Amino acid sequence: MDTHEIAAGYDKIADHIFESASMYRDTLTLTKDCAGRVLDAGCGQGLFLKRIRDDFPRVTELHGCDISTRLCEMTRENVPDATVAVADATSLEPYADSYFDFVYMIGSLEHMVEHDNALAAAYRVLRPGGVLVVAVPNRSWLRYDRWLELHDPTQPIDDHWFRPDELRELMRAAGFKVQK
C-alpha cells in the first residue's frame, strides 16, 4: 500500500477515529515543562494540540501534521491558531532541522510502516536537547492475546503493538537517549 492509498484510507475514516482524552492527559504529565516550538506528528483531529495549547502557555508555536487531508482540515477547525501541514511523519519534509523543542507522536507511530524513518525524522527536526514523547500500544499488555482474538481491523494501517524493548531499541538507533 502506497502513501496515497494510506492517506485516502484515513480520509475515509477521519470522522470516526477515537481520540482518547485520558491518554492525552496522562501523556502531558510526562512533559510538564512543555514550551517553545511544538510539533504533533500524526495530529489526527487536533485534540492533543488543543490540549497542549490550553495547558501550556509557554508554547510559542504549535504545529501539527498528518498524512490525511481530512484530518488536517479537522485539526485546523479544532485549533485555528496551529500551523497544520499535510505531511508524512516518516520524513517530516516541511520542517527544518533542529526546529522544535518538543515533538509528540501520540497514537500515531503504530500506524506507520517505517517506524525507523519516522523516529529518524523526529530526531532531525528536534533541536539538541529537545524532547520526543511517544505513546504506542504495548505488546506486553496482559490482555493483548484476547484483544487480538476479538479485533476487527478498520484502519488502512492496523496498529503495530510494540514491545517496550523494541521501541527503546528503535529510539536509540534513531539517536535518542531514552529516559522513561
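Accessible area per residue (1.4 Å probe, heavy atoms of protein chains only) ranks Thr60, Thr27, Thr69 as Thr60, Thr69, Thr27, with the largest value leading.
Report in % the part of the accessible area of the chain that belongs to carbon and sulfur, leaving out ligands and nucleic acids; probe 1.4 Å. Present the calculation step by step, with values, prior to reporting the outcome.
Working: 4830 of 9760 Å².
The C+S portion of the solvent-accessible surface of the chain is 49 percent.
Among (1) 10, 39, 39, 12, 1; (2) 8, 30, 40, 18, 3, 0; (3) 9, 24, 23, 25, 13, 4, 2, 0, which is the computed P(r) over Cα pairs in 10 Å bins from 0, in percent? Evaluating P(r) over Cα pairs in 10 Å bins from 0, in percent on these atoms matches (1).
Could you list the square roots of 5 times each eigenvalue of the Cα gyration tensor of the range 51-145, that is, the equivalent ellipsoid semi-axes, sorted largest first and rounded to whole Å? Intermediate results must be reported in sequence, preceding the final value.
Numbers: eigenvalues 98, 57, 46 Å².
Ellipsoid semi-axes (Å, largest first): 22, 17, 15.
Taking springs between alpha-carbon atoms closer than 10 angstrom, which of Lys32, Lys50, Lys12 fluctuates most in the Gaussian network model of the chain? Among Lys32, Lys50, Lys12, the largest GNM mean-square fluctuation belongs to Lys32. Taking all protein chains into account, the per residue accessible area for the chain stands at 54 Å² (1.4 Å probe). Once the chain from His16 to Thr60 is taken as fully extended at 0.36 nm per residue, the excess over their C-alpha distance is 12.8 nm. When the chain is treated as a GNM with alpha-carbon contacts under 10 Å, the residue of Ile52, Ile67, Ile17 showing the greatest mean-square fluctuation is Ile17.
Rounded to the nearest 500, what is the chain's calculated 222 nm mean residue ellipticity when only DSSP H runs of at least 4 contribute -39500 (n - 2.57) each, over all residues?
Details: 7 runs with 66 residues, N = 180.
After summing the helix terms and dividing by the residues of the chain, the value is -10500 deg cm²/dmol.
The values are calculated or read from the model by the stated rules, or taken from the named source; none is laboratory data. These numbers were taken from a predicted model, which means no experiment stands behind them. Ligands, DNA and RNA are stripped out before the accessible areas are found, and what is left, the full protein with its side chains, is counted by its heavy atoms. Shrake-Rupley method; radii C 1.70, N 1.55, O 1.52, S 1.80 Å.
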